[in-house]
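**Student:** First the structure, then my questions, so here it is.
The values are calculated or read from the model by the stated rules, or taken from the named source; none is laboratory data. Computed from a predicted structure; not experimentally measured. Every residue, glycine among them, receives a Cβ derived from its backbone with ideal geometry; neighbour counts consider all protein chains shown. Heads up: the accessible areas ignore ligands, DNA and RNA and are worked out on the full protein's heavy atoms, side chains in. Shrake-Rupley method; radii C 1.70, N 1.55, O 1.52, S 1.80 Å.
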Protein chains: 2
Amino acid sequence: MSQATAIKAAPETAVSERDMANAIRALAMDSVQKANSGHPGMPMGMADVATVLFNRFITIDPSKPDWPDRDRFVLSAGHGSMLQYALHYLLGYPDMPISELQRFRQLGSRTAGHPEYGHALGIETTTGPLGQGISTAVGIALAERMLAARHEPELVDHYTYVIAGDGCLQEGISHEAIDLAGHLKLNRLIVLWDDNSISIDGPTPLSTSMDQPARFAAAGWHVQSVDGHDMEAVAEAIESARRSDRPSLIACKTVIGKGAPNLGGSEKTHGAPLGDAEIAATRENIGWVHAPFEVPDELLRAWREVAERGQLARLEWERRLTASPRRAEFESAISGALPDAVFEALSTFRKEHVEKATKVATRKASEMALGAINEATDMTVGGSADLTHSNLTITKGMNRIAPGDYAGRYIHYGIREHGMAAAMNGIALHGGFIPYGGTFLCFADYARGAMRLSALMGQRVIYVMTHDSIGLGEDGPTHQPIEHLAMLRATPNLNVFRPADIIETAECWELALKSENRPSVLVLSRQNLPMLRQAHTDEKVSARGAYLLREPAGHRAVTLIATGSEVEIAVSAAERLHAEHGIAAAVVSMPSWELFEEQDDEYRRAVLGSAPRVAVEAAARLGWDRWIGDNGVFVGMTGFGASAPAPDLYRHFAITPEAVAEAARKLVI
Amino acid sequence: MSQATAIKAAPETAVSERDMANAIRALAMDSVQKANSGHPGMPMGMADVATVLFNRFITIDPSKPDWPDRDRFVLSAGHGSMLQYALHYLLGYPDMPISELQRFRQLGSRTAGHPEYGHALGIETTTGPLGQGISTAVGIALAERMLAARHEPELVDHYTYVIAGDGCLQEGISHEAIDLAGHLKLNRLIVLWDDNSISIDGPTPLSTSMDQPARFAAAGWHVQSVDGHDMEAVAEAIESARRSDRPSLIACKTVIGKGAPNLGGSEKTHGAPLGDAEIAATRENIGWVHAPFEVPDELLRAWREVAERGQLARLEWERRLTASPRRAEFESAISGALPDAVFEALSTFRKEHVEKATKVATRKASEMALGAINEATDMTVGGSADLTHSNLTITKGMNRIAPGDYAGRYIHYGIREHGMAAAMNGIALHGGFIPYGGTFLCFADYARGAMRLSALMGQRVIYVMTHDSIGLGEDGPTHQPIEHLAMLRATPNLNVFRPADIIETAECWELALKSENRPSVLVLSRQNLPMLRQAHTDEKVSARGAYLLREPAGHRAVTLIATGSEVEIAVSAAERLHAEHGIAAAVVSMPSWELFEEQDDEYRRAVLGSAPRVAVEAAARLGWDRWIGDNGVFVGMTGFGASAPAPDLYRHFAITPEAVAEAARKLVI
């Protein structure tokens, strides 16, 4: 076990650890100054802590940054990105030469304003929106324990370290995250809190009196407080945290902008360059005689030795992997590739249910499809924000993850939608698993911050969002989504699937599983829906985003477009138009706007047709004009919902076959 | 002071308090059974606590439910709505006869699935999405202290009582709320936690190990734990909470579904009817011999006496109001009507800046307009989620609200966007103030849950959301909104204003202040923008949502539509089209889609014109097809942003006068 050999004392080098930290301070203040934008205070304040952490504890290998058993480092206080970039330069990440630091916050540089996953090597997750890093880290630390439970400890045995600021700990999401981590006893998670008592508006007592150590203790965490500039004390605390059987908080009392003689300790260092005069005074004060962006060789050597030790650990791990009887399984899980059996099972599933014409709610269809998926692979890890038996996210034989027991594959996330989404991001980022989790579509609101990061990071996270309209019924307007489909569809790099029946549901599940670089939202009904497909096809037509579900006998006079539970209404309206008025209406099912948008013009024109169009969706109109065109009609919601049984609501809001047929008839005559 | 006379012992009545509680139990289980939908477990579990609270402490008057100095009761665990409806029937609210309980959760009844503000008398706030009630109550309790600080204590002196469940306390928003309340020492806030150890998925230890009392203590709260079925103990705890100098948590250990002999204590009572057999067994068990929806007269009398005591207190208060020298000011504040001076000041402001052609960022324009507004009225209460000097929400002479000192009018909400939004809802609901608060537009994500409730409840809450596009620059994609305008525009009953210059900004502020039944979002730029209006008009043209800002000399060949910071780009493109190609381009500024949608067809057609259209907005396209039509072109964002100086980003994403002009030229030729 590489971790057991961790060294508490600083490795012997020709330079002092304080000088190593001062290199971070100088790089941070000079880069921010050159960019004339950024946050020098945090990197300068946390330079000592970060130096101890990286110099004595963290095992990473910049020459192979994605080595699976590396320690994970998450800069939750992402505005302090220069701390990470300075470290990456000092440690010798191949994509982080000094010229990148000189291009901090410039177009096309690797040194973005906040650390962006995929933008530079070694960045484990995108941070910046406060509280996301610490919450994502909970998922990373959980995935580590889960993967360790499945494989030998010699293959999976690493820590997740987080540097978090006051902002991270004030955000609500941090509550959800620390409660979950404390409950699950994620002892490989160590949070170093930059306790500098400064936020943007000024001293933190302007807005908070929270006793953070007591708060974390209440959540079951191991808690320590240290002087963040006393390097031995920091090392001792980290050592002790690593031995704890619980997640650890180390409150590091620091001075923001430490080293700056006049501005240190002030919010003025938080988000603005120090200015040339203060930078010169800081150089004097910390004894840093080197020019901007110059780090003397001996200091650089000391930092590169950290990387070399990491490389040795990585090579040792690779030898263990080669020798391991579990190598194939491990590598397969890490690759993220699903076995063909999953897709074969889904194909069989679709055939079977076309034949049976199974009529179930799409949430039930999702559960049934998941039954097939989860039997064919153990890479999927399910969960729900306390709506397991409403979202129908658990399938036969899934054991729950429990405190200290990580062998299961179902997570009771609690009433924590935002924490669930962030944890799923962490699980996906860690590797080895495909996370999916459920809540009501309306509560996508609560998870928005983390869902956006799923999309921005291109992670295969699957959101199972049920009770997707007024069809939810009696719970009323607070639980009935209206604007949520528009909100999700407007989000870049996010698949939004609203399947109409059990067949589309299975197809959409397959599309979500195959979207390796994009999160998906499955938008599912509470109420039963008939099977609408007329025959099995090997082609998964949902993959085209929209398709002609019903072609009329004669020349198309009108096209009815719908999604999800309203496709049934459109089909019924088409039948009525034909029977009562002799009007030939085509019905288009449109489970995914994003995928339809990606089709070529010819296909899209063929599906939409040149006849007038009516769209029906029990949601806000916003966005639908793209598909119905200048003369189209939209049948849907114009305000909030109401509390009543679902059929009453559909009638009350006039989202019915009669209303759709009438709208179509008026368009045609 | 009405509160000082509170009685701890139960008033003497012919019936026992336990019987009074059993009336709640019976009404709840019978109503849920009749509806075949709802949550009986919570009302049955908390019936004893609620009975003590209402019978001995709460001062309300069902005959005048909006009496300003009433105590506020917030059912944060809104799914237990039958608790509230049963109480309202028993207390004799005039709109809550027994027939309404018999129509629980039916279309058009007052007894919606969750308590809806405005839907039945005496409901202080809409609850249901967990955590909102307790967080809104923080705003209510704060408004009480602020109003008391402005007026005599004999006019404002009431408590805010909350019943919260496990779900409320697991949600992240609760952290933001209790941290803020503890910090501000809101001692009139008393939270009764239904500590029943059951959530929907099962026993709470499935997902949490939080020591809630310790957590609240860490936030500076006064904390007690009692047996929630020991009525004397509950009364003692409430008495003690009322004397505390801090907000109070009373953990009430209860049995969910208390009274049901077989299902009590189980999650099965949480969200489903008990069933006829268990209801019969419960009747037997609690000795309730009455038919469904029958409450014996003597019990009803005991409950109605509570209302009568409240009425006496209200009449006493009215006498104090009549005698008060501050009556006029107090009534004016409560009315919510702004003095004319505010709008006169804004008119002067607009004249002045048209003349000066002031070029400032719209966030700066907002600060300047706020300067005029805040000088003309003290009803506005500002704040920011720790971005005061970025959102520019504080104006000269605004003192901050501090722990124990509520005379100011600026709130440092901390890094708590969701908590801020909920608190603003509470301040608006309480009355006496118009709250506005700032954050970056991107972090509307964090506040979504509460913003939706602002809209659903129709509250005049004003969101000041700055840094509204890639124009934010170096902070990068995590801070650059893309889908947020679509998300907000799709939300019913929400004004979304994106003004283009200082004049539109002042107009939009006026529109927001005058929207008494609708929240507004002011979407503002970080970067400077020129004044575009060519002359002062008394008409506030922004009120029409969109208008012709520039009419071309000749026949309109193309229409360029833009909002906010992109209007400058459209104007410049129009000039270029004229100069380089002789193409006559009109420019439409469209600060509010909602208000434009409300105009008549004729006006809309006149503005949009029949020429081809190009829209430009540095955001997602979703929704724009409504305005550009079948052949229109959209110039905007197609994915996430990037980190770089703003001018570089506009060029990089080709949102420039050149690109707009080129798109228009291609449309026209």
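**Student:** Excluding residue A:182 itself, what net charge comes from residues whose Cβ is under 12 Å from its Cβ, given Lys and Arg +1 and Asp and Glu -1? Walk me through the intermediate numbers first.
**Tutor:** Values: positive: A:185, A:215, A:246, B:215; negative: A:176, A:179, A:245, B:211.
Combined, the nearby Lys, Arg, Asp and Glu give 0.
**Student:** Oh, and also: At 7 Å along Cα-to-Cβ for each site, give me the label-to-label distance between residue A:651 and residue B:36 in nm.
**Tutor:** If labels sit at residue A:651 and residue B:36, their model points lie 1.5 nm apart.
**Student:** A further question on this structure: Given a Förster radius of 45 Å and the C-beta distance between residue B:537 and residue B:638 as r, what FRET efficiency does 1/(1 + (r/R0)^6) yield to the nearest 0.05? Can you show the working numbers first?
**Tutor:** On the way: r = 37 Å, r/R0 = 0.82.
So, using R0 = 45 Å, E works out to roughly 0.75.
**Student:** For the protein assembly as shown, what is the mean residue ellipticity at 222 nm derived from helices alone (per DSSP H run of n ≥ 4: -39500 (n - 2.57); sum divided by total residues; nearest 500 deg cm²/dmol)?
**Tutor:** Numbers: 50 runs with 574 residues, N = 1338.
Helices in the protein assembly as shown give a 222 nm mean residue ellipticity of -13000 deg cm²/dmol.
**Student:** Where does the longest stretch of chain B lie that holds no GluC sites (Glu not before Pro) found in a DSSP loop with 11 or fewer other Cβ atoms within 10 Å? Write out the running numbers ahead of the final one.
**Tutor:** On the way: sites that count: B:12, B:539.
Result for the longest clean stretch: B:13-538.
**Student:** By how many nm would the segment from residue B:262 to residue B:319 grow when fully extended, if each residue of separation counts as 0.36 nm and the alpha-carbon distance is taken off? Mind dumping the intermediate values first?
**Tutor:** Values: separation 57, 0.36 × 57 = 20.52 nm, distance 5.22 nm.
Here the segment from residue B:262 to residue B:319 would lengthen by 15.3 nm.
**Student:** Starting from the Cα gyration tensor of the protein assembly as shown, take the square roots of the eigenvalues, sort them a ≥ b ≥ c, and report rounded, prolate or oblate (rounded when a/c is under 1.5, otherwise prolate if a/b is larger than b/c, else oblate). Walk me through the intermediate numbers first.
**Tutor:** Values: a/c = 1.19, a/b = 1.10, b/c = 1.09.
Judged from the Cα gyration tensor, the protein assembly as shown comes out rounded (a/c under 1.5).
**Student:** What angle do you read, to the nearest 10 degrees and between 0 and 90, between the alpha-carbon axis of helix A:81-91 and the longest principal axis of chain A?
**Tutor:** The angle comes out near 60 degrees.
**Student:** Give me the number: length gained by fully extending residue A:107 to residue A:214, i.e. 0.36 nm times residue separation minus the C-alpha to C-alpha distance, one decimal in nm. If you can, show how the numbers build up before the last one.
**Tutor:** Details: separation 107, 0.36 × 107 = 38.52 nm, distance 4.31 nm.
Taking residue A:107 through residue A:214 to full extension adds about 34.2 nm, to one decimal.
**Student:** From the P(r) of region A:183-310, can you give the percent of Cα pairs sitting at distances over 24 Å? Present the calculation step by step, with values, prior to reporting the outcome.
**Tutor:** Working: 3874 of 8128 pairs.
Distances greater than 24 Å cover 48 percent of the Cα pairs.
**Student:** Considering only protein heavy atoms, what per residue accessible area in square angstrom results for chain B with a 1.4 angstrom probe? Walk me through the numbers before you get to the answer.
**Tutor:** Numbers: 20250 Å² over 669 residues.
Result: 30 Å² per residue.
**Student:** From Cα pairs below 8 angstrom and at least 6 apart in sequence, can you work out the relative contact order of region A:519-669, rounded to a whole percent?
**Tutor:** Numbers: 238 pairs, mean separation 36.9, N = 151.
Dividing the mean separation by the residue count of region A:519-669 yields 24 percent.
**Student:** Here is a follow-up. Using a 1.4 angstrom probe on protein heavy atoms only, which residues from region B:157-181 are buried by at least 30 Å² of accessible area when all chains are present rather than their own chain alone?
**Tutor:** Flagged in region B:157-181: B:170, B:171, B:172, B:175, B:179.
**Student:** Give me the accessible area of residue B:111, 1.4 Å probe, in Å² rounded to the nearest 10.
**Tutor:** Near enough 0 Å² of accessible area.
**Student:** As I understand it, the value is the acute angle between the Cα axis of helix A:297-323 and the longest principal axis of the Cα atoms of chain A; what does it come to in degrees, rounded to 10?
**Tutor:** Result, in degrees: 50.
**Student:** When all protein chains stay in place, what accessible area (Å², nearest 10, 1.4 Å probe) is found for residue A:117?
**Tutor:** The accessible area comes out at roughly 90 Å².
**Student:** Grab the other residues whose beta carbon is less than 11 angstrom from that of residue A:22, score K and R as +1, D and E as -1, and report the net. List each step's numbers first, then the result.
**Tutor:** Working: positive: A:18, A:25, A:258, A:283; negative: A:17, A:19, A:48.
Counting the neighbours of residue A:22, the net charge comes to +1.
**Student:** Just want the answer: with Cβ charges of +1 for Lys and Arg and -1 for Asp and Glu, which residue in A:494, A:549, A:353 is farthest toward the dipole's positive end in the protein assembly as shown?
**Tutor:** Positive-most Cα among the choices belongs to A:549.
**Student:** If the chain between residue B:291 and residue B:98 were fully stretched, how many nm would it gain, using 0.36 nm times the residue separation less the Cα-Cα distance?
**Tutor:** Numbers: separation 193, 0.36 × 193 = 69.48 nm, distance 1.28 nm.
So the chain would gain 68.2 nm between residue B:291 and residue B:98.
**Student:** Something else now. Nearest 10 degrees, 0 to 90: what angle lies between the long axis of helix B:657-668 and the longest principal axis of chain B (Cα atoms)?
**Tutor:** It is inclined by approximately 80 degrees.
**Student:** Mind ranking A:82, B:531 by accessible surface for me, highest first, 1.4 Å probe? Please list the in-between numbers first.
**Tutor:** Numbers: A:82 0, B:531 30 Å².
Result of the area sort, largest leading: B:531, A:82.
**Student:** Among all the aspartates and glutamates, which ones have a C-alpha under 13 Å from residue B:268's C-alpha, if same-chain residues fewer than 8 places away are not counted?
**Tutor:** B:201, B:278
**Student:** Then there is this: Which value, in Å² rounded to 10, gives the accessible area of residue B:608 with a 1.4 Å probe and all protein chains present?
**Tutor:** Approximately 20 Å² for this residue.
**Student:** OK, next. Does region B:1-147 come out rounded, prolate or oblate by the C-alpha gyration tensor, with a ≥ b ≥ c the root eigenvalues, rounded set by a/c under 1.5 and, if not, prolate when a/b is larger than b/c and oblate if not? List each step's numbers first, then the result.
**Tutor:** On the way: a/c = 1.67, a/b = 1.18, b/c = 1.42.
Taking the square roots of the gyration eigenvalues as a ≥ b ≥ c, region B:1-147 is oblate.
**Student:** Please work out the Cα center distance from region A:106-141 to region A:538-573, rounded to the nearest Å.
**Tutor:** Comparing the Cα centres of region A:106-141 and region A:538-573, I get a distance of 42 Å.
**Student:** Give the separation of the Cα centroids, region A:317-387 to region A:633-655, in Å.
**Tutor:** 36 Å
**Student:** Can you list residues whose amide H is under 5 Å from residue A:616's amide H, if they're 5+ apart or on another chain and H is modeled 1.01 Å from N?
**Tutor:** A:561, A:562, A:563, A:635
**Student:** Would you list which lysines come within 29 Å of residue A:540, measuring only between C-alpha atoms, while excluding same-chain residues fewer than 8 positions from it?
**Tutor:** Partners within reach: A:351, A:356, A:359, A:364, A:396, A:514.
**Student:** Now for a different question. When a/c reaches 1.5 or more, the comparison of a/b and b/c decides; with that in mind, is region B:544-668 rounded, prolate or oblate per its Cα gyration tensor?
**Tutor:** Working: a/c = 1.85, a/b = 1.22, b/c = 1.52.
The shape class here is oblate.
**Student:** Would you mind giving the mean number of other chain beta-carbons within 10 Å of the Cβ of each residue in B:215-226, as a whole number? Could the numbers behind the result be given before it?
**Tutor:** Details: counts 10, 2, 4, 11, 7, 4, 0, 0, 0, 0, 0, 0.
For this peptide, the per-residue mean of nearby foreign Cβ atoms is 3.
**Student:** Okay, next question. To the nearest 100 Å², how much accessible surface do chains A and B hide from each other in total, with a 1.4 Å probe? If you can, show how the numbers build up before the last one.
**Tutor:** Working: alone 24280 and 24250 Å², together 40530 Å².
That pair of chains buries around 8000 Å² in total.
**Student:** Among the trypsin sites (Lys or Arg not before Pro) in region A:395-478, which ones are in a DSSP loop with at most 10 other Cβ atoms within 10 Å of the Cβ? Mind listing them?
**Tutor:** Working: sites: A:396, A:400, A:409, A:416, A:448, A:452, A:460; in loops: A:396, A:409, A:416, A:460.
When the trypsin sites (Lys or Arg not before Pro) of region A:395-478 are filtered for loop state and at most 10 Cβ neighbours within 10 Å, A:396 remain.
**Student:** From largest accessible area down, sort A:66, A:194; use a 1.4 Å probe on the protein chains. The partial results should precede the final answer.
**Tutor:** Working: A:66 100, A:194 5 Å².
Largest to smallest exposure gives the sequence A:66, A:194.
**Student:** Given R₀ = 60 Å, FRET efficiency for residue A:348-residue A:668 by Cβ-Cβ distance, to 0.05?
**Tutor:** On the way: r = 42 Å, r/R0 = 0.70.
Calculated transfer efficiency: 0.90.
**Student:** Still on this structure, I have one more. Where the label is 7 Å out from Cα toward Cβ, how close does residue A:514 come to the same position in every other copy, in nm, shortest first?
**Tutor:** So the label point of residue A:514 gives 5.6 nm to the other copies.
**Student:** Quick check: with the 1.4 Å probe, what order do B:356, B:185 take by accessible area, largest first? Don't jump to the answer; show the numbers that get you there.
**Tutor:** On the way: B:356 125, B:185 90 Å².
Result of the area sort, largest leading: B:356, B:185.
**Student:** Using a label point 7 Å beyond Cα on the Cα-Cβ vector, give me the inter-copy distances for residue A:266 in nanometres, one decimal, shortest first.
**Tutor:** Those label-point separations list as 6.6 nm.
**Student:** In percent, what relative contact order does region A:97-197 have, based on Cα pairs under 8 Å that are 6 or more apart in sequence? All intermediate terms of the calculation are to be shown ahead of the outcome.
**Tutor:** Values: 126 pairs, mean separation 24.9, N = 101.
Normalised by residue count, the contact order of region A:97-197 is 25 percent.
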